[in-house]
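Read the structure below first, then the notes.
The values are calculated or read from the model by the stated rules, or taken from the named source; none is laboratory data. Treat the numbers as computed from the prediction; the structure is a model and nothing was measured. For neighbour counting, all protein chains shown are included, and Cβ atoms are generated from backbone atoms with ideal geometry for every residue, glycine included. These accessible areas exclude ligands, DNA and RNA; they are computed on the full protein's heavy atoms, side chains included. Shrake-Rupley method; radii C 1.70, N 1.55, O 1.52, S 1.80 Å.
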Amino acid sequence: MNMRKNIVAGNWKMNTTVPEGVQLAKDVVAKAAEVPAEVGLIVATPFTHLCAVAGVVEGTRVELSAQNCADKEKGAYTGEVSVDMIKSTGAGWTILGHSERRQYYGETDAKLVEKVKLALAAGLKVILCVGENLEEREAGKHFDVVKAQTENVLFNFTAEDMKNIVVAYEPVWAIGTGKTATAEQAEEIHACIRKVLAGKFGAQVADDTTILYGGSCKPSNARELFAQPDIDGGLIGGAALKADDFIGIALSF
Ligand code: PEP
């Protein structure tokens, strides 16, 4: 019997002004009652929106996440946002290792280890993203890449830490491209991630870890993806910017 939770998390990326984000959060909260209570709902907003959106989701079932955090605790790091700052807004989560951060901002696995350590120490839960790019998939290296990313970061943590970590498999070629991984393609990688976790932390921890799929997930394809035994929900980009679509995806279990 596993204890893992189904979750749908919306990654707003660098979209919406603060008033637009507040409205989107209100729309999500208003529709959240349609979704079975056992499904976790998370909105990951830009840093600038966290305080205002925290006020909207407070006391509701919708949880709040950042999309990144600094790899330092505090001090002279102009423009960075620390885990304590994030926590103090009322957010309970942060996404880490999104492929856009890896690709455009030089986020390495080593940096991610530091970020995950700081996030957990501050009491934030983490959605750690892994995933291969198109070149790696076409070269047949997708299992190796995802396995390495998972090991490089998560093997620095304990079974206890894993209670506060969700993994998101996001094939880079499927992000924002309209190209979804087939349910089969996604499932085989999810099963591989779970096996890697089982090898390090044991079968129970692996079974209890939520593993999300991300990459052009929408209401029309979510059901097939979420029906796979190792897919426990989604990390949603574009479709999270419309409350109807986001909730439609959360209704797909
Ligand atoms: C994402 O960036 O996390 C994502 C899954 O984006 P999209 O749903 O737009 O492909």
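Miscellaneous remarks
- Calculated [222 nm] ellipticity per residue, helices only, for the chain: -12500 deg cm²/dmol; basis is -39500 (n - 2.57) per DSSP H run with n ≥ 4, divided by all residues, nearest 500.
- Positive minus negative residues near F201 (Lys, Arg vs Asp, Glu; Cβ under 12 Å): -1
- 18 Å Cα-Cα reach of K218 towards lysines, excluding residues that sit fewer than 8 places from it in its own chain: K13, K31, K179, K242
- Among residues other than A227 with Cβ under 14 Å from its Cβ, the summed charge is -4 (Lys and Arg +1, Asp and Glu -1).
- For chymotrypsin sites (Phe, Trp or Tyr not before Pro), the sites in the stretch 130-233 that DSSP calls loop and that have at most 13 other Cβ atoms within 10 Å are F155.
- Residues with amide H under 5 Å from that of A66, placed H, sequence gap 5 or more: W93, T94, I95
- Summarising the amide proton neighbourhood of G234: residues at separation of 5 or more, or on other chains, whose placed amide H is nearer than 5 Å comprise I7, V8, A9, Y213.
- Our note on the geometry: Cα centres of the stretch 228-253 and the stretch 101-120, 25 Å apart.
- Here the relative contact order of the chain, from alpha carbon pairs under 8 Å that lie six or more residues apart, stands at 22 percent.
- With contacts taken as Cα pairs under 8 Å at a separation of at least 6 residues, the stretch 87-211 carries a relative contact order of 25 percent.
- Of the GluC sites (Glu not before Pro) in the stretch 154-189, the ones in a loop by DSSP (not H, G, I, E or B) with at most 14 other beta carbons within 10 Å are E160.
- Rg/Rh for the stretch 1-111, where both radii come from Cα atoms and Rh is the Kirkwood radius: 0.99
- The order of R137, R101 by accessible area, most exposed first and with a 1.4 Å probe, is R101, R137.
- Hydrodynamic radius (Kirkwood) for the chain, which is based on Cα pairs only, to one decimal in Å: 17.9
- Protection proxy ranking, highest mean first, for peptides 144-154, 232-242: 232-242, 144-154, where packing is the per-residue count of other beta-carbon atoms within 10 Å, averaged.
- Across the cross-link table entries K74/K163; K163/K200; K26/K125, which are compared at the Cα atoms, the separations over 18 Å belong to K74/K163; K26/K125.
- Calculated FRET efficiency, T78 to R4, Cβ-Cβ distance, R0 = 35 Å: about 0.35 to the nearest 0.05.
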